[in-house]
Amino acid sequence: MTADKPLRLLIVDDSAYNRRLIQGLFAGRSDVTVVGAAADGEEAIRLSSSLEPDVITLDLEMPKMDGFTALRILLAKRQVPIIVVSSYAQRENVFKALELGAIDFVTKATSTIDANAEDLKREILQKVLAVRGAPFRADSRRPSQRRLSDDSGRLPSSEMKVAVAVVPKRVIVIASSTGGPTALLELVGALPKDFPHALLVAQHMPEKFTRTFAERLGRRGALRGAEAEDRMRVHAASVLVCPGGYSMEILRDAGELFVRVARPLPSDRYVPSGDRLLSSAAVAFGKDAVGVVLTGMGDDGLVGARRIREAGGLIVAEAEETAVVYGMPGAVVAEKLANLELPLPKIADFLATLR
């Protein structure tokens, strides 16, 4: 894939209507060529082998071969960015697909894409186009094989976490986007049960998904996971995820730590905003601020990283060798704002040593 050649797109959806609609989004464009459309997973595998697309949009609910099986086989045969297109009702399925290696997802209200859903159509267009120039390695990160839950997705009662109001020694603020859900699951899963700090996360994710994702983080490891609420206090051994459609800041008042969750400002280029979260940490903690910028397209977190460094704080950027998309951490590294550039497992190791 080069800048002077159009992206080769393969559309996979059992709905002929959806296939035509997505194909129509790219009609007449010189930067994207739709090379094929498949109605099920088996056809997708055949077409991917013969057409060698640069990017695939994949529905998860299909006959003959479901999207999960197709996803595994497609990525085993070729390292190709796959964008999942799924309904709001399939939240858990979306996260399973991301853990299997999908690069991103787009959500639709129902199984059929509404022809008048301009925001959705714009999102599909933008996420396909964003693949250009974003180095992609499906095998850059292997999902953790550690099983912490039973098949129901719930922790056994003996492992249920009880909230304890302990003020964290540090608050670590994290910005992430494309590839971030899998990265965060691995990072949180690797932290010890006596972790004395708190994690606050600005992950680019739509409304209706962040609560499910926060709960999934809580099931993955020793930390308590929750979707943040306005004025919620911040405790040690916890991870708070900014709600989709909002931005979050960390505040300190009379020795207490809490979050402010509010609708985005006109200055928030991305929502949730990593820049806004990291910048608030610079104000609240100064030289004790710790920011982490993980995988993602674009450069969210760059402004916030600069604010933390100006305050004398510490910035960790995910290394290119594990980042699914190196855009966000790469921007921080290019501006010489990262104190440390570490592969994902080393980030967890480093955070566990902070005192």
(message) Quick query: amide H of residue 84 versus all other amide H atoms, modeled in the peptide plane; which residues come in under 5 Å with a sequence gap of 5 or more or a different chain?
(response) 58, 103, 104, 105, 106
(message) How would the range 7-129 be classified by its alpha-carbon gyration tensor: rounded, prolate or oblate, with rounded meaning a/c under 1.5 and the a/b versus b/c comparison settling the rest?
(response) rounded
(request) Give the percent of DSSP beta bridges with both residues in the chain that are antiparallel, rounded to the nearest 5. (result) 15
(request) Sort all Cα-Cα distances of the range 157-353 into consecutive 5 angstrom bins from zero, then give the percent of pairs in each bin up to the one containing the longest distance. (result) 1, 9, 18, 23, 23, 16, 7, 2, 0, 0
(message) Neighbour counts of other C-beta atoms within 10 Å: give me 50, 15, 30, 279 arranged from fewest to most.
(response) 30, 50, 15, 279
(message) Within a 10 angstrom radius of the beta carbon, how do 197, 235, 204 rank from fewest other beta carbons to most?
(response) 235, 197, 204
(message) Along the charge dipole of the chain, pointing to its positive end and built from +1/-1 on Cβ of Lys, Arg, Asp and Glu, which listed residue (290, 47, 319) has its Cα farthest out?
(response) 290
(message) Counting only helical runs of four or more DSSP H residues, what would the 222 nm mean residue ellipticity of the chain come to if each run contributes -39,500 (n - 2.57) and the total is spread over all its residues?
(response) -9500 deg cm²/dmol
(message) For the chain, take the longest principal axis of its alpha carbons; what is the angle in degrees between that and the long axis of helix 91-100, to the nearest 10 within 0 to 90?
(response) 90
(message) What does the extension gain come out to for residue 169 and residue 233, with contour length at 0.36 nm per residue minus their alpha carbon separation?
(response) 21.7 nm
(message) Using the crude model of +1 on Lys and Arg Cβ and -1 on Asp and Glu Cβ, and no other charge, please compute the dipole size for the chain relative to its Cα centre, in debye to 20.
(response) 620
(request) Can you tell me the dipole magnitude for the range 9-56 around its Cα centre, using point charges on the Cβ only (Lys, Arg +1; Asp, Glu -1), in Debye to the nearest 20? (result) 220
(message) Net charge around residue 70, counting only other residues with Cβ within less than 10 Å of its Cβ (Lys, Arg = +1; Asp, Glu = -1)?
(response) -3
(message) Let me check I've understood the local charge: for residue 168, count other residues with C-beta under 14 angstrom from its C-beta, Lys and Arg +1, Asp and Glu -1. What total comes out?
(response) +3
(message) With unit charges on the beta carbons (Lys and Arg positive, Asp and Glu negative) and the dipole taken about the Cα centre of the chain, which residue among 257, 35, 200 sits farthest to the positive side?
(response) 257
(request) Please report how far the C-alpha centroid of the range 52-92 lies from that of the range 317-343, rounded to the nearest whole angstrom. (result) 27
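Only the coordinates and a few stated rules stand behind these numbers; no lab work does. Keep in mind that this is a model prediction, so the values were computed, not measured. Neighbour counts run over all protein chains shown; Cβ positions are idealised from the backbone, glycine included.
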